[in-house]
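Colleague: Here you go, one structure.
Laboratory data are not the source of any read-out in this text; all were calculated from the coordinates shown. Keep in mind that this is a model prediction, so the values were computed, not measured. No Cβ is skipped: glycine too gets one built from the backbone with ideal geometry, and neighbour counts run over all protein chains shown.
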Amino acid sequence: MVRHWKRTWKFPLQVDVYSLNEEDRMQIEGQKGKSIGDLPVLEDARTAFLEIANIEHESVRTHIEGLTIEKFEEQRIQHIKLEFSSLYQSNNDLEEFCVRHQVNPINVWYWFKESKVLPVNRTAEVALEFLAIAFRTILMDDEDGIIPLVGLPAEPRLLDRLEQYCIKQGFTVAQYMQLDGLR
């Protein structure tokens, strides 16, 4: 348990699970810092998150609704947004990013949503996942499961089928062309 503490101590709900009193909680926060799930949120971020989140446990929803509201200085927000490029590089995941900047993950999600930008490494991961799903679907839809890589008179090549699949999924031609540039 101690080894994985950082990963498991995300919400104060666990104070109840482990029957920790206020003194124990304060001692833990003194040693490990405040849980990022307890950090203040922007009101707009909380509202937007609660609208789209599929929260199964009412205690989690209650916790999020009870978070302290804070207004962030524009300079601090811009500083955090500039650091978005470091997110998902090496071992820098969302949790590490939030700990380093002492900001609630809901705020980071909201700022990403506003900026409509994904970090380069994460974009490549999402694109690779999409392509894997697309190729699997294309292969499953083929009668014999064999698709030529080069054009044949009787059967369209894989690249043409991928383009058709992307267009059916709502991609524009320009967006489809951008897939080639992702590394």
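Colleague: Go through Ile80, Phe97, Ala45 and say which Cα lies farthest out towards the positive end of the charge dipole of segment 44-183; charges sit on Cβ, +1 for Lys and Arg, -1 for Asp and Glu.
Modeller: Ile80
Colleague: Provide the per-residue ³J(HN,Hα) series for segment 169-174, in order, calculated from phi with Karplus coefficients 6.51, -1.76, 1.60 and θ = phi - 60°, each as a whole number of Hz, with x at glycine and proline positions.
Modeller: Result, ordered by residue: 7, x, 6, 7, 4, 5 Hz.
Colleague: How high is the FRET efficiency from Arg100 to Thr172, r the C-beta distance, R0 41 Å, rounded to 0.05?
Modeller: Approximately 0.65, to the nearest 0.05.
Colleague: Stretch Ala154-His79 to full length: gain in nm at 0.36 nm per residue minus the Cα-Cα span?
Modeller: 21.4 nm
Colleague: Which distance in nm do the two modelled labels at Thr137 and Ser19 give, with both placed 7 Å along the Cα-to-Cβ direction?
Modeller: About 5.1 nm, to one decimal.
Colleague: What order, most packed first, do the peptides 125-132, 34-41 have when packing is the mean number of other Cβ atoms within 10 Å of each residue?
Modeller: Packing order, densest peptide first, comes out as 34-41, 125-132.
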